[in-house]
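*Asks:* Handing you this structure, nothing more for now.
The values are calculated or read from the model by the stated rules, or taken from the named source; none is laboratory data. Predicted model, so just to flag it, every value in this text is computed and none were measured. All Cβ positions, glycine included, derive from the backbone under ideal geometry; neighbour counts span all protein chains shown.
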């Protein structure tokens, strides 16, 4: 079974060390219960013997829950395009279940069952049989009926705003919930309440999410009712919160953005829009004395201008012209983003493209082009106009999802020449290029990924791709590391190469305790004098301050110092040192019990 670019090295670049370790354990324990492939190849029960696999790989993996986790991996002719799992892992990398499935594919391809494409399964059914099949499936899953209606554009009893029907909002109940959240800290001491402000604002944001759901469903009436209740109560009660770090006041920015979209979704008559704008002006007046300025400016403009603002209308109709007369206001980008979000949800793609181009939103413009299948236009415009690596990566991903892997690679390669942080783009392109068999491009991308984010995973990928050029490339990469010298990733590389002195120099410039411990453990036999000095310094810092709750950390440092003394053949010096610690700190009884016998 051929999945381009897939190897155990690839897994290590997409998964954390812990996910790799646990994925290996899941694989070894036989937790991968079933793996099947549904792809472009014809027939069932046989794997392709040549050429890349294109399709969807699915698997059930038994985990800690009763029901197995479902893994779904989308494959294209450059390898793994997407990988998802039904587990709750949310760190952005491949989880242990995905790792276990791909290890199964790599090591036991014969375990993969091949199922025919859905089109092949249905090809021999006539209209009556297809109807009977659909009705049977819909009878088991009522949600399928709604999906069929949506696909056919025949949703029943569409409301006037074009979204789904919802029950009217209970504004009174919502006000009580906001007020309860704001006053939940009233009985706490001020010092305790300070640390809980984030959770209070988070609770109000959860209520705001309900209003946002109405906005996204196109239900402007209910959205406005909810937003009015939330805003009224929050404006009245937020000053009871400690806003020393700006958490409570920052919420108004989020609130203002939701208001902006709601104003555009509601599409009210001009008189009603102006009434809402005056309401926002009133709330803004309540905030001004506290330095919370301009929170609702974009929303006010959305109400006042609506969709019938003449410059906006000309652009949406394809007649051109400037979006703003003179210098755009500070909130122009926020208002444009809200308009684009609404247009996209409404499927008004040409209007979206016209507005995005007029507003200079090139990144959004090319993304929609790609999603509409206009990949050649998207790629050409992206290469011409995009100048940020993150925007290029978003476009390259969209082009790949649209099925044009070559265009995705071309756009991503262009991104390597741009200024800015390029690690995500370079790492993504490295995997894609390797899957396409473009090894030189993969190597160049791997080097740039390492230069942007020096760590052992990127270093190992460069070594894997460099072949006979590795010795010279290795020297260049290490020389580059030494020019800065700090950072956990650098230390990992130094330790991997046995460069203890470089690792020591790096942690001496700064680093966390875990990194310092890692270097100490590696240096204990080669540089025991340094370990002794560093470990005693860390232990003394805790002990001298009498921080009894941290004594267990001090004991850990002392144990490292003891190991280094013994590695240096200085058992006598260790005994003298620990005796001095007992003499100086004999009244610290908790510490004395912990170091007894050392």
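*Asks:* For segment 351-371, name all the residues that are assigned to a loop (DSSP other than H, G, I, E, B) and surrounded by fewer than 20 Cβ atoms within 10 Å (Cβ to Cβ).
*Replies:* 360, 361
*Asks:* Further, regarding this structure: For the structure I just gave you, tell me whether residue 539 is in contact with a helix residue (DSSP H, G or I) (Cβ under 6 Å, 6 or more places away or on another chain), surrounded by 16 or more Cβ atoms within 10 Å (Cβ to Cβ), in a helix (DSSP H, G or I) and not assigned by TED's automatic domain parsing to the domain that holds residue 17.
*Replies:* When the stated conditions are applied, residue 539 passes them.
*Asks:* Being out of contact with any helix residue (DSSP H, G or I) (no Cβ under 6 Å at 6 or more places or on another chain), outside the structural domain of residue 588 (by TED's automatic domain parsing) and surrounded by 18 or more Cβ atoms within 10 Å (Cβ to Cβ), is that true of even one residue in segment 466-481?
*Replies:* The answer is yes, given that some residue of segment 466-481 is out of contact with any helix residue (DSSP H, G or I) (no Cβ under 6 Å at 6 or more places or on another chain), outside the structural domain of residue 588 (by TED's automatic domain parsing) and surrounded by 18 or more Cβ atoms within 10 Å (Cβ to Cβ).
*Asks:* Continuing with this model, one more query. Read through the list (1) in a helix (DSSP H, G or I); (2) buried (at least 16 other Cβ atoms within 10 Å of the Cβ), then give the number of the only condition that residue 552 fails.
*Replies:* (2)
*Asks:* Scan segment 325-342 and tell me whether some residue there is closer than 20 Å to residue 402 by Cβ and crowded, with 18+ Cβ neighbours inside 10 Å.
*Replies:* Yes, segment 325-342 contains a residue that is closer than 20 Å to residue 402 by Cβ and crowded, with 18+ Cβ neighbours inside 10 Å.
*Asks:* Related question: In segment 244-253, what residues are buried (at least 18 other Cβ atoms within 10 Å of the Cβ) and either at pLDDT below 95 or farther than 22 Å from residue 339 by Cα (or both)?
*Replies:* Scanning segment 244-253 gives 248, 249.
*Asks:* Hey, among the residues in segment 582-598 that are touching a residue at least 40 places away in the same chain (Cβ under 8 Å) and in a helix (DSSP H, G or I), which one's farthest from residue 525 (Cα to Cα)?
*Replies:* So in segment 582-598, the residues touching a residue at least 40 places away in the same chain (Cβ under 8 Å) come out as 585, 588, 590-591, 594-595, 598.
Those left that are additionally in a helix (DSSP H, G or I): 590-591, 594-595.
Details: 590: 31, 591: 27, 594: 26, 595: 23 Å.
The residue in question is 590.
*Asks:* Can you name every residue in segment 372-401 that is farther than 25 Å from residue 449 by Cα, touching a residue at least 24 places away in the same chain (Cβ under 8 Å) and assigned to a loop (DSSP other than H, G, I, E, B)?
*Replies:* 373
*Asks:* While we're looking at this one, here's another question. Within segment 557-574, track down each residue that is assigned to a helix (DSSP H, G or I) and crowded, with 16+ Cβ neighbours inside 10 Å.
*Replies:* 557, 558, 560, 561, 562, 563, 564, 565, 567, 574
*Asks:* Mind telling me which of the residues 384, 410, 374 ends up being surrounded by fewer than 20 Cβ atoms within 10 Å (Cβ to Cβ) and either at pLDDT below 95 or touching a helix residue (DSSP H, G or I) at 6+ places or on another chain (Cβ under 8 Å) (or both)? Before you say what the answer is, go through the steps one by one.
*Replies:* Details: 384 fails: either at pLDDT below 95 or touching a helix residue (DSSP H, G or I) at 6+ places or on another chain (Cβ under 8 Å) (or both); 374 fails: either at pLDDT below 95 or touching a helix residue (DSSP H, G or I) at 6+ places or on another chain (Cβ under 8 Å) (or both).
Answer to the selection: 410.
*Asks:* Among the residues of segment 481-524, write down those that are under 29 Å from the mean Cα position of the chain (by Cα) and not in a helix (DSSP H, G or I).
*Replies:* Once the filter is applied, which keeps residues that are under 29 Å from the mean Cα position of the chain (by Cα) and not in a helix (DSSP H, G or I), segment 481-524 yields 485, 486, 487, 510, 511, 512.
*Asks:* Same structure, new question: If I filter segment 158-168 for residues that are under 35 Å from the mean Cα position of the chain (by Cα), in a helix (DSSP H, G or I) and either surrounded by 10 or more Cβ atoms within 10 Å (Cβ to Cβ) or at pLDDT below 60 (or both), do I get at least one hit?
*Replies:* no
*Asks:* With 92, 51, 45, 79 as the choices, which residue is at pLDDT below 95 and surrounded by 12 or more Cβ atoms within 10 Å (Cβ to Cβ)?
*Replies:* Unique residue meeting the criteria: 79.
*Asks:* Anything in segment 525-535 that is under 40 Å from the mean Cα position of the chain (by Cα) and surrounded by fewer than 21 Cβ atoms within 10 Å (Cβ to Cβ)? List them, or say none. Step through it out loud before you land on a result.
*Replies:* Our first condition is that a residue be under 40 Å from the mean Cα position of the chain (by Cα); within segment 525-535, this holds for 530-531, 534-535.
Result: 530, single match.
*Asks:* Would you pick out the residues in segment 15-30 that are surrounded by fewer than 20 Cβ atoms within 10 Å (Cβ to Cβ) and part of a helix (DSSP H, G or I)?
*Replies:* As a first pass, look at segment 15-30 and keep what is surrounded by fewer than 20 Cβ atoms within 10 Å (Cβ to Cβ): 16-18, 20-22, 24-25, 28-30.
Listed by number, the residues that qualify are 17, 18, 20, 21, 22, 24, 25, 28.
*Asks:* Here's another thing I want to ask about it. Given (1) in contact with a helix residue (DSSP H, G or I) (Cβ under 9 Å, 6 or more places away or on another chain); (2) surrounded by fewer than 17 Cβ atoms within 10 Å (Cβ to Cβ); (3) within 23 Å of residue 5 (Cα to Cα), where does residue 145 come up short, assuming only one miss?
*Replies:* Condition not satisfied by residue 145: (3).
*Asks:* Please find, within segment 95-128, the residue that is modelled with the highest pLDDT out of those that are assigned to a loop (DSSP other than H, G, I, E, B) and under 21 Å from residue 3 (Cα atoms).
*Replies:* Selected residue: 95.
*Asks:* Looking at (1) outside any helix (DSSP H, G or I); (2) touching a residue at least 40 places away in the same chain (Cβ under 8 Å), which one does residue 335 not meet, given that it meets all the others?
*Replies:* Failing condition for residue 335: (1).
*Asks:* Mind checking which residues of segment 69-87 are in a loop (DSSP other than H, G, I, E, B) and closer than 23 Å to residue 28 by Cβ?
*Replies:* 86, 87
*Asks:* Further, regarding this structure: Any residue at all in segment 315-326 that is touching a helix residue (DSSP H, G or I) at 6+ places or on another chain (Cβ under 7 Å) and either outside any loop (DSSP other than H, G, I, E, B) or assigned by TED's automatic domain parsing to the domain that holds residue 228 (or both)?
*Replies:* Yes; the residues of segment 315-326 include at least one that is touching a helix residue (DSSP H, G or I) at 6+ places or on another chain (Cβ under 7 Å) and either outside any loop (DSSP other than H, G, I, E, B) or assigned by TED's automatic domain parsing to the domain that holds residue 228 (or both).
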